Amino acid sequence: MKSALNDLEIYREAMEIGEEVWSMVAHWDFFAKDTIGKQIVRAADSVAANLSEGYGRFHFKENQKFCYYSRGSAEETQTWLEKAARRDLVERETARSLYDRIETLKKRINAYIHSIGRDASSS
């Protein structure tokens, strides 16, 4: 039996990261928000959004596909985070810490992708 979406740790972590990115960008000036800010918020929010869309799909292969999108959005978030740090919008220490959390999340998404296939094939 499938658990509720909020029971997925990777979903909760993705939601937290999205909120942290939003809070970080909220203090930037207009130009920074309008360029990098919009991009990093969209990418970070897309991680959780794709996990939830996949979770709501009927077939496990569809869920896996959206998990791949989620992982790609996590990668994109890291790229924008690095650009933000290089442009002195985020302290390098803060960027490194968030980057590392996203790196861990990507690995956990990979594990989740593999578990979806195993769960389906063992039924």
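Cβ-Cβ contacts under 8 Å between residues 6 or more apart (or on different chains), taken from a first residue in region 1-29 that is assigned to a helix (DSSP H, G or I) and open to solvent by 40 Å² or more (accessible area, probe 1.4 Å) to a second residue that is modelled with pLDDT under 95 and not hydrophobic (A, V, I, L, M, F, W, C), are listed as R12/N6. Can you work out which of the residues in region 109-119 that are over 24 Å from K38 (Cβ atoms) and in contact (Cβ under 8 Å) with a residue 12 or more places away in the chain is most open to solvent (accessible area, probe 1.4 Å)? Here the residue is D119.
Here are some residues: K83, K65. Which one is of a type in the set (K, R), more than 29 Å from S115 (Cβ to Cβ) and modelled with pLDDT of 95 or more? Steps first, please.
On the way: K65 fails: more than 29 Å from S115 (Cβ to Cβ).
It is K83.
For F60, the conditions (1) modelled with pLDDT of 95 or more; (2) surrounded by 15 or more Cβ atoms within 10 Å (Cβ to Cβ) all hold with the exception of (1).
Pairs meeting the criteria (first residue in region 95-108 and farther than 20 Å from V41 by Cβ, second residue open to solvent by less than 60 Å² (accessible area, probe 1.4 Å), beta carbons under 6 Å, at least 6 apart or on different chains) are R108/I10. In region 80-90, of all residues being open to solvent by 70 Å² or more (accessible area, probe 1.4 Å) and free of Cβ contacts under 8 Å to residues at least 40 places away in the same chain, the one that is nearest to E20 (Cα to Cα) corresponds to E82.
Open to solvent by 20 Å² or more (accessible area, probe 1.4 Å), out of contact with any helix residue (DSSP H, G or I) (no Cβ under 7 Å at 6 or more places or on another chain) and part of a helix (DSSP H, G or I): does that describe E93? The answer is yes for E93. All conditions but one from (1) in contact (Cβ under 8 Å) with a residue 40 or more places away in the chain; (2) open to solvent by less than 10 Å² (accessible area, probe 1.4 Å) apply to A48; the one that does not is (1). Selection over region 68-80 of residues that are touching a helix residue (DSSP H, G or I) at 6+ places or on another chain (Cβ under 6 Å), hydroxyl-bearing (S, T, Y) and under 25 Å from R118 (Cα atoms) gives a count of 3. Can S73 be described as open to solvent by less than 40 Å² (accessible area, probe 1.4 Å), closer than 20 Å to I10 by Cβ and either without any contact (Cβ under 8 Å) to a residue 24 or more places away in the chain or not in a helix (DSSP H, G or I) (or both)? It is false that S73 is open to solvent by less than 40 Å² (accessible area, probe 1.4 Å), closer than 20 Å to I10 by Cβ and either without any contact (Cβ under 8 Å) to a residue 24 or more places away in the chain or not in a helix (DSSP H, G or I) (or both).
The values are calculated or read from the model by the stated rules, or taken from the named source; none is laboratory data. Model, not experiment: these values are computed from the prediction. Methodologically, a virtual Cβ is constructed for each residue, glycine included, from the backbone with ideal geometry; neighbour enumeration extends over all protein chains shown. Please note that ligands, DNA and RNA were not included when accessible areas were found on the heavy atoms of the full protein model with its side chains. Shrake-Rupley method; radii C 1.70, N 1.55, O 1.52, S 1.80 Å.
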